[in-house]
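Colleague: Pasting in a structure now, in C-alpha cells, and then I'll have a few things to ask.
The values are calculated or read from the model by the stated rules, or taken from the named source; none is laboratory data. What you see is a predicted model, and the numbers here were worked out from it, not measured in a lab. Backbone-built Cβ (ideal geometry, glycine too); neighbour counts: all protein chains shown. With ligands, DNA and RNA removed, areas are computed over all heavy atoms of the protein, side chains included. Shrake-Rupley method; radii C 1.70, N 1.55, O 1.52, S 1.80 Å.
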Amino acid sequence: MVRCRRQDREGSKSKGAPVQKRSWRGHVVVPVKALEVPVSAGGTPEYAERLASKQITRLLTWASAKIVLAEFDGIGNEGDLALAPTATRIEQWPDYGSLVYLMEEVPLTDPDAWMNKAMELSPSLAVRLLEVRKRCAAEFDFKLLSELLQEEVVRANRQLMQEYVKNTSGKSLQQNGDD
C-alpha cells in the first residue's frame with residue numbers, strides 16, 4: 001500500500017534523516033516537500049502540488065479570458081438587444097477578434113503557449129490577459145480550495161464504497177431504521 005506522505009525540502013521524514021530515493025514497483029519515488037508521486041523509470045519526477053499548480057494556472061488563464069471577454073461584451077448586457085453581433089464587434093475591436101479566435105481555435109492545454117499565441121496576435125490583449133490572470137491568482141482562495149477538495153474526496157470515496165457494497169452484497173451502507 002502506498003501512503004501519501006509529506007516530507008521537508010531535504011527529503012527527511014524526521015530531523016536529521018538522510019535524503020534517499022526509493023523504488024516502488026519499478027517506479028522511482030523522489031522525496032520533496034509535497035506528496036510523493038511514483039514516476040516511471042526515466043520519467044521526470046513530479047509531485048502532486050506541482051501538477052495541481054499547472055492545472056490551476058490553466059484554470060486561471062481560462063478565467064482571465066472569460067473575464068476579458070465579458071468586459072468586451074459589457075457585463076450585464078446579456079439581454080441588451082442593441083448589442084452588436086459578434087461579427088461586427090470582431091471588425092470594430094481587433095483585440096476582441098483575437099480573443100474570440102484564441103478561445104475558439106487555440107486549445108488551452110499549455111497556458112504559457114496559449115499566452116504566447118495571444119502575444120503574437122495582440123500584445124495589448126496579452127498584457128490585459130496577464131494582468132487579469134495575476135489578479136485572479138491573487139484573489140484565489142487556496143484555503144477554500146483545500147477544504148472543498150477534502151470534502152469532495154470524502155464524499156466521492158463514500159459514494160463509491162456505498163455503490164461497491166450495494167453491488168457486491170445487495171445491501172446499502174446506509175440502512176434505514178425501518179428495514
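Colleague: Go through 63-71, 153-161 and give me the packing order, highest mean Cβ count within 10 Å leading.
Modeller: Descending mean neighbour count gives 63-71, 153-161.
Colleague: How much length is gained if the chain between GLU163 and ASP112 is pulled fully straight, taking 0.36 nm per residue apart and subtracting their Cα-Cα distance, in nm to one decimal?
Modeller: Here the answer is 14.3 nm.
Colleague: Continuing with this model, one more query. Once fully extended, how much extra length lies between GLN150 and ALA137, figured as 0.36 nm per residue of separation less the alpha-carbon to alpha-carbon distance?
Modeller: 2.6 nm
Colleague: Please calculate how many Å² of accessible area region 93-159 carries per residue, with a 1.4 Å probe and no DNA, RNA or ligand atoms counted.
Modeller: 67 Å²
Colleague: ARG50 to THR86: extension gain in nm, 0.36 nm per residue of separation minus the Cα-Cα distance? Provide the component values of the computation, followed by the final result.
Modeller: On the way: separation 36, 0.36 × 36 = 12.96 nm, distance 3.80 nm.
Stretched out fully, the ARG50 to THR86 stretch lengthens by 9.2 nm.
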